[in-house]
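Okay, structure first, notes after.
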Amino acid sequence: MEAGTAPRRRLGMPTRQTAAVVAMTVAMLALAAVLGRPLLDAATASPRPVLPWWALALGFAATEASVFHLQIRREARTVSISELPLVLGLFLASPVQLLIGRLAGSAAIFFLYRRSSVLKSAWNLAMISLQTTVAVVVFELIGRGRGSGSPLAWLGGYAGPIAANWVACIALALVIAIYEGDLRLRPVLQNMLSGDAAAPLVITVGLVAVISLSAAPQSAVLLIICGTALLLGYRAFAALSDRHLSTERLYRFTQAVTRSPEVDELLGNVLNEAKELLRAERAEVAFVAASGGDVARIRLGATGRLGRSTGSPAPADRWLLAEVVTEGSPLLMPRGTRDADQRRWLDGQAARDAVVVPLRGGAGILGALVVTDRLGDVRSFDDEDVLLLESVANHASVALQNGELLDQLRHESVHDALTGLPNRSALQSSLTAALEEVADGRSAGVAVMILDLDGFKDVNDTLGHQQGDALLVQVGARLQTVVGGSGVVARLGGDEFAVLLAGVSDEDAAIRVGRRLLRALEQPIALDGLDIEVGASLGLALAPQHGADSSGLLKRADNAMYEAKASVGGLRVFETDVDVDNPRRLLLVSELRAALHRGRVDVHVQPQARLIDGETVSVEALARWHHPELGFVPPDEFIPVAERSGLIGPLTTQILDGSLAAVADWRRAGADLAIAVNLSTRSLHDGRLVEEVARLLRRHDVPASRLTLEVTEGSVMADPARATAVLHELRDLGVRLSVDDFGTGYSSLSYLKKLPVHEVKIDRSFITGLTLQGEDAAIVRAIVDLGRHLGLEVVAEGVEDQQTWDLLASMGCHLVQGWHLSRPMPIDHLLGWLRPDDAVDGLRPAVTATVV
């Protein structure tokens, strides 16, 4: 019994797998040589008759050419009665003659009949060499020299071929493991024990043939007749079993189709049964529009879910549809076809073989049913498969006679099932058409908006998915009301929507529409007796300013949407400097990930001093990255990269970990300093933040009061409810909280009294010109007074001279930082700076840390 190849790969075997298969081939040949060396001079086990190598070669070639194929799950197995000539060779030929004969016969079949690849043929011949050698060794150990009439010789005649089959099972399992990366021992053992259940019968026939030939050589004629009958019986049984299984499955499929009222269930049954009956990897239905234009495709994926798409057919597809739909003829494209049109279509589908049959309806041919890629490597589709697929198509056609059902099918292929809005496929088609009008000069431009809801997951988690679905339906209706007939509103999936405005080139006009969309979602939505407030973030891209192809424009709108989530206001227009396709930005993502993995992002600190007595009480920790080739990468460049690429979490954790480790070291050295770490918008909304902070505090045995976490007004306003809840949890943990860059946000006063913070940090833009501009002084004084009335400490950053220092002290500001006190320094330099003889202007420092 010879097993077929492991599952194929559509784009060819990778080099690593090729090398592994070659190594396995060499190893099998080497093992065969080692085992067979003592048998080089061995004679035949029976004195007469002696079979020459060429006779054995003919026997092995005949059994290899006359095989039947057994399909087991995704593996096609070639089953033959090669045990028959093997048993004859064990008794009636020398080991060398047996090996030469088997290799010669098998090689002729592999190369001339099956036309297998060189690598596959070499692997199979190596396995056959090892099989034959093992069979001879086992036979020699048990029955050598005992004559064909000895029971021990019979036992050896059974044991040798069975051991050879075990070798094939193990070799096949190993080569499949090379292809799939998974070696399962239980199926291997089961296959070795059960294997080919008919093998003992074939071996028995072989032993009978040996005894007959030993007694009367002229009985060879009768034995040939008997062997031929056995081979034909094998094939007849396999064909009958295959037809019986197909008939049974077709019957069950017919019953399932007649009971399928839903389109998805019906098509799922049709495509799944087409795959199973024809043992194919892929199946799909292509429906042709009445106008002969677009083609709607419904395919069954590997997960069993239906996928839909629509669009204009490619030239190769037009040829296939003309053959099948227009002419009404089935199309068989076997493996290795030399037809140029068939080859071109198969190459376009990355397929090896295919069967396509027309799908008929009451008004004619509706489309085509397509299956591609027969499982296994030993058999392609044939005419019987065409007839079988036509039976499937005929049963499916009966269920699709209803024109209303077909209209529903076509509608569902381009519309979202929940909201009824156009889906991603329909949006892509509309956008492509709109961009073509822009390119032809028939339209001024196109605006694309991607809108993502804020807090939708909370609705699902709290009220359940049913209420979440109801929310999405109402959101879709509100968006449609705003857009009306001037554009297209589509649901892309989940809580993500898109809006397409054709003929719009003015950025301000598009922004006005975007703001109306956001305002439409500000009114509460009634769900399950509750008024739910839902916000959104909206990204906008325009053509031709930001791109001229549909996929690129959608991607840029999506990038802008993520920028909107990280900013205040909820709406952002795409900007070239934040393009994630920028080569340097792509490089920075890769290099930053590697730097974080190797711990090469450093922490520098800048001291903060108490104005009342000049004592340093805190430091701000600043993330610094010096790349070996790019040089110093500014935080303003790599931190936004970290936020957009999802690396901000690991970066924040690494800065927190290093900062708290430093605080622990300083405490052991007698400097009880606090440290503050700045949180980005995404870090603040990370559900694991509180747990991570608590873990790191415990790890370094640092009191929570020695850690200050700084947040910006913008990060809080991105989702005020969630941010406030997280801040309360952090405060309950004992961590100090600070509002960074205070005074730059649009809602500072209204939200400050609601936030559980301990301090505010005046933005440096108000401090740098404090002594020159009266307006800045008034703003700073107001912030200091506000902090005093609310019981908050006030920190001023950017202090660069003594005059500013004195002015802030007169206002009652609590803490300052800036170059007048100290420039940022590596974290391990701080203790040296804290020594009295190194202090600046007699000031003695203390400590707070941030990521930016």
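Here are some notes:
- The sole residue among ALA444, ALA417 that is at pLDDT 80 or above, closer than 27 Å to ALA520 by Cβ, touching a Gly at 6+ places or on another chain (Cβ under 9 Å) and open to solvent by 50 Å² or more (accessible area, probe 1.4 Å) is ALA444.
- Flag for LEU656 being more than 18 Å from ASP741 (Cβ to Cβ), open to solvent by less than 10 Å² (accessible area, probe 1.4 Å) and touching a strand residue (DSSP E or B) at 6+ places or on another chain (Cβ under 6 Å): yes
- Of everything in the range 8-28 that is within 13 Å of LEU174 (Cα to Cα) and in contact with a helix residue (DSSP H, G or I) (Cβ under 9 Å, 6 or more places away or on another chain), the residue that is modelled with the lowest pLDDT is GLN17.
- The single condition from (1) modelled with pLDDT under 80; (2) open to solvent by 50 Å² or more (accessible area, probe 1.4 Å) that ALA256 fails is (2).
- Taken over the range 787-827, the residue count meeting the criterion of being in a loop (DSSP other than H, G, I, E, B), among the polar types (S, T, N, Q) and surrounded by fewer than 15 Cβ atoms within 10 Å (Cβ to Cβ) is 0.
- The set of residues from the range 40-84 being at pLDDT below 80 and within 14 Å of PHE139 (Cα to Cα) comprises ALA42, ALA43, THR44, ALA45, SER46.
- Candidates in the range 507-523 are the residues that are more than 18 Å from HIS546 (Cα to Cα) and among the charged types (D, E, K, R); of these, the one that is modelled with the lowest pLDDT is GLU522.
- Criterion applied to ILE450, ILE525 was being surrounded by 21 or more Cβ atoms within 10 Å (Cβ to Cβ) and in contact with a helix residue (DSSP H, G or I) (Cβ under 8 Å, 6 or more places away or on another chain), and the one residue passing it is ILE450.
- Pair list, Cβ < 7 Å and 6+ apart or interchain, from the range 319-333 residues that are without any contact (Cβ under 8 Å) to a residue 60 or more places away in the chain and under 15 Å from LEU369 (Cβ atoms) to residues that are of a type in the set (D, E, K, R) and in a helix (DSSP H, G or I): SER329/GLU323; LEU331/GLU323; LEU332/ASP383
- Of all residues in the range 763-800, exactly one satisfies the criterion of being touching a strand residue (DSSP E or B) at 6+ places or on another chain (Cβ under 6 Å) and farther than 15 Å from VAL816 by Cβ, namely LEU792.
- Unique match (being β-branched (Val, Ile, Thr), open to solvent by 20 Å² or more (accessible area, probe 1.4 Å), modelled with pLDDT under 85 and more than 20 Å from LEU31 (Cα to Cα)) among VAL118, VAL87: VAL118
- Cβ-Cβ under 7 Å pairs, at least 6 apart or on other chains, the range 630-650 side in a loop (DSSP other than H, G, I, E, B), far side modelled with pLDDT of 85 or more: LEU647/LEU592; LEU647/ARG593; LEU647/LEU596
- When residues in the range 495-520 are screened for being open to solvent by less than 40 Å² (accessible area, probe 1.4 Å) and small (Gly, Ala, Ser), 5 of them pass.
- Across the range 660-717, the number of residues qualifying as modelled with pLDDT of 85 or more and more than 14 Å from ARG736 (Cβ to Cβ) comes to 22.
- Those residues of the range 601-622 which are assigned to a loop (DSSP other than H, G, I, E, B) and either crowded, with 17+ Cβ neighbours inside 10 Å or charged (D, E, K, R) (or both), in sequence order: LEU611, ASP613, GLY614, GLU615
- Qualifying residues in the range 828-852 (those that are outside any loop (DSSP other than H, G, I, E, B) and open to solvent by 40 Å² or more (accessible area, probe 1.4 Å)) - the one modelled with the lowest pLDDT: ASP838
- Matching option when the condition is of a type in the set (Lys, Arg) and crowded, with 16+ Cβ neighbours inside 10 Å, among ARG698, ARG682, ARG688, ARG668: ARG682
- Filter result for the condition that a residue is over 27 Å from the mean Cα position of the chain (by Cα), at pLDDT below 85 and not in a loop (DSSP other than H, G, I, E, B), over GLN408, GLN401: GLN408
- Looking at the range 524-600, the strands (runs of 3 or more DSSP E) lying wholly inside it that each contain 3 or more residues that are touching an Asp or Glu at 6+ places or on another chain (Cβ under 7 Å) and at pLDDT 85 or above sit at 535-543.
The values are calculated or read from the model by the stated rules, or taken from the named source; none is laboratory data. No experiment lies behind these values; they were computed from the predicted model shown. Because the Cβ atoms are built from the backbone with ideal geometry, glycine has one as well, and the counts that use them run over all protein chains shown. Keep in mind that these areas ignore ligands, DNA and RNA; they rest on the heavy atoms of the full protein, side chains included. Shrake-Rupley method; radii C 1.70, N 1.55, O 1.52, S 1.80 Å.
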